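Accompanying notes for the structure given below.
The values are calculated or read from the model by the stated rules, or taken from the named source; none is laboratory data. Since we're looking at a predicted model, the values are computed, not measured. Heads up, the Cβs are rebuilt from the backbone with ideal geometry, glycines too, and the neighbour counts pull from every protein chain shown.
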Amino acid sequence: MRAQAELGHELEAAHRACTISEVNDRLLIQPVRGPVRGRIRPPGSKSITNRALVCAALAKGTSTLTGALDSDDTRVMVEGLRQLGIRVQRSGQHTEFDIVGCNGQIPANAADLFVGNSGTTIRFLTAMLTLGHGTYRLAGVSRMHQRPIGDLAEALSQLGADVTCDSAGNCPPVTIRGGGLRGGTAQIRGDISSQFLSGLLMACPLASSDVELVVSGELVSKPYVDMTLGVMESFGAVAIRRGSERFVIRGAQSYRASRYAIEPDASAASYFWAAAAITGGEVTVEGLSKDSLQGDVAFVECLAQMGCRVSYAADSITVSGEAERGIDVDMNAISDTVQTLSAVALFAEGPTTIRGVAHIRHKETDRIGDLARELRKFGSAVDEFPDGLRITPRATLARSASEGAPPPIEIATYHDHRMAMSLSLPGLARPGVTILNPGCTAKTYPHFFEDLAALTISPPSPGGVQ
C-alpha cells in the first residue's frame, strides 16, 4: 500500500507541476516545499550523438550507438542521413541506433534536406557532403537562415569544395556541389562557432591528400573540439593537434564501425545541479565524471566558487548546498551553461559577471541580449556587455519572495530550449513563474519538465496513507 500511495502522490505532483496546456502552450512552475534532493541520469549528449552519427555514417560496416539522445536535433540528423541513402535503425526506446556506414561513399547524388534549427546538423552535414558526388541543399527554419555559416563554406572551398550560401550575410540555405575534398591547407575562424572546426575535422580524414587546418582568432568552446577528436578516434580516424591553432589530418583514412556508448548530456545535467544550488539541496547526476568527454561538467566548478559543495565519484557528480555569493567568470569553454548560471545568480549575494561568450549571440537566439531581458523580470539589475553580462539580484530573490506573493512573471523563450529549461529553475523557489512555449525543449530534451517534476516531488508527509 505504501508503494502505491507514493506512486499516486508522485503522479499527481508530476501532473500538477508539468502539465502543458495544448491551447495556451504555457507552463506554470510550482515552487518546491524544501531543498531539492535526489539522483537523476539525463538523456544522452546531443553533441556526442550527432558527432557519432556522422562518424558511423562514414565508416565501413555497421555501428551501434547506445545511450543516444532522441530529440529534435538528433532526429533531423538521422533523417538527413537516411535521405542520403545511409541506413539508420532505432531500437531500445529510440536510445540505440544501428548505422550501416557508407565507407566514405555517400550513396545519394542529390538531396534537399531540412535541418530545422540544428546547428550541429547543418554544419556537420555541410562538411560531410563535400565528400559526395552530386548536388545537395540544406535549409532550416527562419532563425537558421540568420546564423552565419560562410566561414565554414570558405574553409571548405580552400580544400577544393564548392559550397554556396544562399542567404544574405553568408547564411543558409547552403548548396553543396560535391566532388570530394582534395586536401591542402585551410584557415578557419574560431570565434563564431567551434562546430565549424568540428565539421571540418570529421570530413578531412576522407580527403584525397593530407589536410592542415589553421584556426585564426580565439577558438570558442574548445572542449567541444576535444570531444570531436575523441569521437573520431573511437571510430578509427585521427587528427593531430599541434598547439591550439593547428590540426594536421592524414588524408585517405577510413572510419571503422564501432559499438559506442554515449554519455548523459552534461549541459542538461547543469539544470539539475542548479536546482540543488538554488534550493540548498543535493542532487547527484549519474553517468558523468570529472573525466567526462564533455567540457560542460566544469559547470559544477562555478557552483563551487559560489559556495556549493561538489563531490566526484567514478560514475557520478554531486552538488549540494546553496549558491551563496556571486562570482566573476569567463565561460567561453562552457558557454551552453551561461543561462543556467544566470538563473542561479538570481539567488546569490552580490553580482555575478559572465565574460568571454560573445559568440552565443549567434545561437538559437541572442543568448546575451534576450537573456538579460528575461532576467530583469525577476527584479534584478542586468548590465549587458558585448561578450557577456553582469547580474545584480535584488537582496536575494528567495528572501524577497518569502515576504509575500510576488507578482507573476511570464518568461519568453524565443524558441530556445536552453532559455526554457534554465529560466524555469527560479520558479522552484519563486512563485508565479510561467514558461511560454515550454515545448521548445524538444530540441534537445523532450522530457525535461517531467524529469524536473520527478526530481522535485516532495515525499509524503508523516501520517499519510500507508
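Of note:
- Only one entry of R256, R250 meets the criterion of being free of Cβ contacts under 8 Å to residues at least 60 places away in the same chain, surrounded by fewer than 24 Cβ atoms within 10 Å (Cβ to Cβ) and in contact with a strand residue (DSSP E or B) (Cβ under 9 Å, 6 or more places away or on another chain), and that entry is R250.
- Here the stretch 278-325 is the region considered, the condition is being part of a strand (DSSP E or B) and among the charged types (D, E, K, R), and the residue that is surrounded by the most Cβ atoms within 10 Å (Cβ to Cβ) is E282.
- Scanning the stretch 162-200 for residues that are in a loop (DSSP other than H, G, I, E, B) and farther than 25 Å from E218 by Cβ gives D162, A168, G180, L181, R182, G183.
- Residue within the stretch 213-222 that is in a helix (DSSP H, G or I), surrounded by 23 or more Cβ atoms within 10 Å (Cβ to Cβ) and either without any contact (Cβ under 8 Å) to a residue 12 or more places away in the chain or out of contact with any Asp or Glu (no Cβ under 9 Å at 6 or more places or on another chain) (or both) present: no
- Pairs, first outside the structural domain of Y136 (by TED's automatic domain parsing) in the stretch 75-94, second assigned to a helix (DSSP H, G or I) and of a type in the set (G, A, S), C-beta under 7 Å, six or more apart: none
- Members of the stretch 85-101 found to be among the β-branched types (V, I, T) and modelled with pLDDT of 95 or more, listed by number: I86, V88, I99, V100
- Segments classed as strands (runs of 3 or more DSSP E), wholly inside the stretch 326-425, with at least 1 members that are closer than 19 Å to S270 by Cβ and among the acidic types (D, E): 328-330
- When the stretch 48-78 is filtered for residues that are of a type in the set (S, T, N, Q) and either within 11 Å of T95 (Cα to Cα) or part of a loop (DSSP other than H, G, I, E, B) (or both), the ones remaining, listed by number, are T49, T64, T66, S71, T74.
- Tally of residues being over 26 Å from the mean Cα position of the chain (by Cα), in a loop (DSSP other than H, G, I, E, B) and under 17 Å from A56 (Cβ atoms) across the stretch 235-271: 2
- Residue within the stretch 283-300 that is farther than 26 Å from F378 by Cβ and without any contact (Cβ under 8 Å) to a residue 24 or more places away in the chain present: yes
- Filter result for G116 (over 21 Å from A266 (Cβ atoms) and within 19 Å of the chain's Cα centre (by Cα)): yes
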